[in-house]
Amino acid sequence: MMRRTFAPLLLLSACSGGGTETPDLGKAPLDAAAMAAPDASVPGDMQKGCAFAPAADGGTCVDVVRGKLLDEAGKPVPKRVMSVCAEICFFGETLDDGTFAVPIGGPVLVDRFALLVHGRPDGASYYLGLPPLKGAVATYLAPLVLPSLPKSGPALPETATKEATFTSSGVTLTLAAGTTLQFDVEDFELMALGKQLRVLAVADPKKLAFIDPASPPEGLYGFAPFDVVFSKKARLSFPNSTKLPAKAPVDLFSQRSLITAAPPAGPFEKVATAHVSADGKTIDTDASEGVTTLTWIALRKGQ
């Protein structure tokens with residue numbers, strides 16, 4: 001079943017504050033002055049959009065959102081869509097050097113908007129809060145990292161006619177009989193690849209900009225299909241790489257998505273409880289617990 005990620009609505013005009021600061025990714029910072037300069041990839045009328053559409057009713061005027069996207073080896077990632085979304089989306093694309101400029105050109109509710117890094121087909125997509133504004137320009141001063149997904153995985157059905165399990169990178173997804181899946185349009189357009197379960201286990205969560213380096217989770221997993229929605233709760237089982245003791249409680253947090261929740265996207269919210277198995281080998285969601293969508297899952301010690 002194909003479903004578009006966002007439906008365009010009227011641009012909001014009230015504002016409640018600024019975005020969240022991007023943590024240092026351990027790479028050389030960008031040249032802020034150069035990033036704030038006019039960019040040939042941004043139409044001239046968009047560069048001056050705030051002059052023609054002044055902020056009103058508490059809104060904050062944003063001309064452009066800028067940054068740079070690198071792979072895990074530090075090389076630029078070109079030709080990836082970068083969108084800034086809430087009730088409406090604005091789109092840009094990375095250039096050959098990995099830099100991007102998403103033109104906004106008007107007042108928005110900054111706290112409601114998030115950057116969506118469109119990583120697929122081979123990279124893990126994610127949401128990220130907007131950086132602080134300098135004037136009318138929001139710039140990620142540290143490059144963003146695009147982590148790589150496994151090249152393939154087991155194919156997921158559009159409907160599970162009976163209970164079924166699928167495993168990638170040691171993570172097992174169990175679908176209850178009768179579960180229907182709604183795939184995001186990007187995964188639908190990838191055809192067979194877009195329906196394959198591909199799980200990324202992140203060894204060092206702190207390298208990703210949407211993780212607080214002062215409080216990283218015990219485990220972090222990225223998923224494709226991204227933003228897939230299940231009609232029934234799906235159970236998850238993870239390898240106990242956290243080394244938590246047998247039977248220890250674990251909380252599952254999911255990165256907030258615009259598919260199933262109101263803006264803003266990006267923050268992690270508790271979605272399920274789990275326990276380490278009696279033999280200490282796996283972390284399994286508790287009975288009657290599970291997830292209804294997949295973006296990123298963070299594991300934290302439970303209470």
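The values are calculated or read from the model by the stated rules, or taken from the named source; none is laboratory data. Since this is a predicted model, take the numbers as computed values, not measurements. So basically every Cβ, Gly included, is an ideal-geometry build from the backbone, and we count neighbours across all protein chains shown.
Numerical summary
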| quantity | calculated |
| --- | --- |
| Members of the range 236-267 found to be of a type in the set (D, E, K, R) and crowded, with 22+ Cβ neighbours inside 10 Å, listed by number | Arg256 |
| Enumeration of residues in the range 140-164 that are outside any loop (DSSP other than H, G, I, E, B) and crowded, with 20+ Cβ neighbours inside 10 Å | Leu144, Val145, Leu146 |
| Matching residues, the range 69-86, being in a strand (DSSP E or B) and within 24 Å of Gly106 (Cβ to Cβ) | Val81, Met82, Ser83, Val84, Cys85 |
| Residue match in the range 255-274 (condition: closer than 16 Å to Ala201 by Cα, modelled with pLDDT of 95 or more and either touching an Asp or Glu at 6+ places or on another chain (Cβ under 9 Å) or not assigned by TED's automatic domain parsing to the domain that holds Ala86 (or both)) | yes |
| Flag for Thr165 being in contact (Cβ under 8 Å) with a residue 24 or more places away in the chain and more than 12 Å from Arg120 (Cβ to Cβ) | no |
| Matching residues, the range 167-204, being under 15 Å from Lys233 (Cα atoms) and crowded, with 16+ Cβ neighbours inside 10 Å | Thr172, Leu173, Thr174, Leu175, Ala176, Thr179, Leu181, Gln182 |
| Close pairs (9 angstrom Cβ cut-off, 6 or more residues apart or separate chains): at positive phi in the range 65-94, part of a strand (DSSP E or B) and acidic (Asp, Glu) anywhere | Lys79/Glu93 |
| Top-ranked residue of the range 268-281 - restricted to ones that are farther than 26 Å from Tyr126 by Cα and of a type in the set (A, V, I, L, M, F, W, C), ranked as surrounded by the most Cβ atoms within 10 Å (Cβ to Cβ) | Val276 |
